Amino acid sequence: MISEFIHKSIANNKKIFALLIDPDKHTSQTLHQLSKNAQESSVDLILVGGSLLNNDIDSSIEIIKKNTSIPTLLFPGNLLQISNKADGILLLSLISGRNPDLLIGNHVIASSHIKRSQLEVLPTGYILIEGGKSTSVEYMSNTKPIPSDKTDIAVATAIAGEMLGLRYIYLEAGSGAYNSVNTNMIRRVKENINIPLIVGGGFKTEAEIIQSANSGADILVVGSSIEQKPELLPELVKACHQ
Ligand code: 1GP
């Protein structure tokens, strides 16, 4: 179970490095290479998804699975990104937004399908934070992110998510954000919840990963930097694990 792995890691003070793979950014050859690189670099989790996806998600996950034994979670940008080939799904409820489809509507549509699948469900409160530029997730979700200096709003949103029974909180600056979520916000959110905290969007350096992990992020998600420079992967994973 992926949830057990996450809780054990947190109990042992071990941070989790999650590599986000957007299938549209890859050919099957680069996906093969990236998957092998992930396995060799000791990546802990692979997330698969994107705000908009045109490539076939099933075959992308098959390539990942052929080259790694790393647990693979769907990180669906929409209903077309649900695949039985993955191990689990971050069932995202976009709680920073006020778009009912992303709070409950799409979940109703997908629920029976997900229940019939073997996917492990990780119910996740997804909170968008302004990251210095407008991002695909903001546009595609038709929601406004929480301003990066409104820590109290982010904290209250995370607390509400936990009170509603969500089991993970994901602070998201958006893929390719100029600024990752600031460490003060990470610290304050972590202090106020008792569920695992996922943080992603805009991580580019080892220092940012170390600071975010030290501030309370349990799972650190990196996508764009590795798309641009795959050779960075081993050092970013190491930074997360130290
Ligand atoms: C985006 O949090 C993830 O959903 C990762 O963001 O692509 O900026 O690393 P980056």
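For region 191-226, the candidate set comprises residues that are assigned to a helix (DSSP H, G or I) and within 17 Å of THR157 (Cα to Cα); within that set, the residue that is most open to solvent (accessible area, probe 1.4 Å) is GLU191. Going by the structure shown, is GLU235 within 11 Å of the ligand (Cβ to nearest atom), closer than 19 Å to LYS36 by Cα and either open to solvent by less than 10 Å² (accessible area, probe 1.4 Å) or not in a strand (DSSP E or B) (or both)? Here the answer is no, as GLU235 does not meet what is asked. Contact map, region 112-141: first residue more than 20 Å from PRO196 (Cβ to Cβ) and of a type in the set (Lys, Arg), second residue open to solvent by 20 Å² or more (accessible area, probe 1.4 Å) and not in a strand (DSSP E or B), Cβ cut-off under 8 Å, separation 6 or more or different chains; pairs are LYS133/GLY176; LYS133/TYR178.
Residues in region 206-242 that are within 23 Å of LEU128 (Cα to Cα) and among the acidic types (Asp, Glu): GLU206, GLU208, ASP218, GLU227.
For GLY125, state whether it is open to solvent by less than 20 Å² (accessible area, probe 1.4 Å) and more than 15 Å from the ligand (Cβ to nearest atom). Taking the combined requirement at face value, the residue does not satisfy it.
Summed over region 150-174, the residues that are over 16 Å from SER93 (Cβ atoms) and surrounded by fewer than 22 Cβ atoms within 10 Å (Cβ to Cβ) give a count of 5.
Filtering region 70-92 to residues that are of a type outside the set (A, V, I, L, M), farther than 20 Å from ARG167 by Cβ and open to solvent by 30 Å² or more (accessible area, probe 1.4 Å) leaves GLY77, ASN78, ASN84, LYS85.
Within region 159-182, the set of residues being within 16 Å of the ligand (Cβ to nearest atom), free of Cβ contacts under 8 Å to residues at least 60 places away in the same chain and outside any loop (DSSP other than H, G, I, E, B) comprises ILE169, LEU171, GLU172.
Of everything listed in (1) in contact with a helix residue (DSSP H, G or I) (Cβ under 6 Å, 6 or more places away or on another chain); (2) under 20 Å from THR124 (Cβ atoms), the single unmet condition for ASN84 is (1). Any residue at all in region 134-149 that's within 10 Å of the ligand (Cβ to nearest atom), open to solvent by 60 Å² or more (accessible area, probe 1.4 Å) and part of a helix (DSSP H, G or I)? Yes: one or more hits. When region 5-30 is limited to residues that are in contact (Cβ under 8 Å) with a residue 12 or more places away in the chain and of a type in the set (Lys, Arg), the one that is nearest to the ligand (Cβ to nearest atom) turns out to be LYS25.
The values are calculated or read from the model by the stated rules, or taken from the named source; none is laboratory data. Nothing here was measured: the structure is a model prediction, and the numbers come from that model. Backbone-built Cβ (ideal geometry, glycine too); neighbour counts: all protein chains shown. All accessible areas refer to the heavy atoms of the entire protein, side chains included, with ligands and DNA or RNA removed. Shrake-Rupley method; radii C 1.70, N 1.55, O 1.52, S 1.80 Å.
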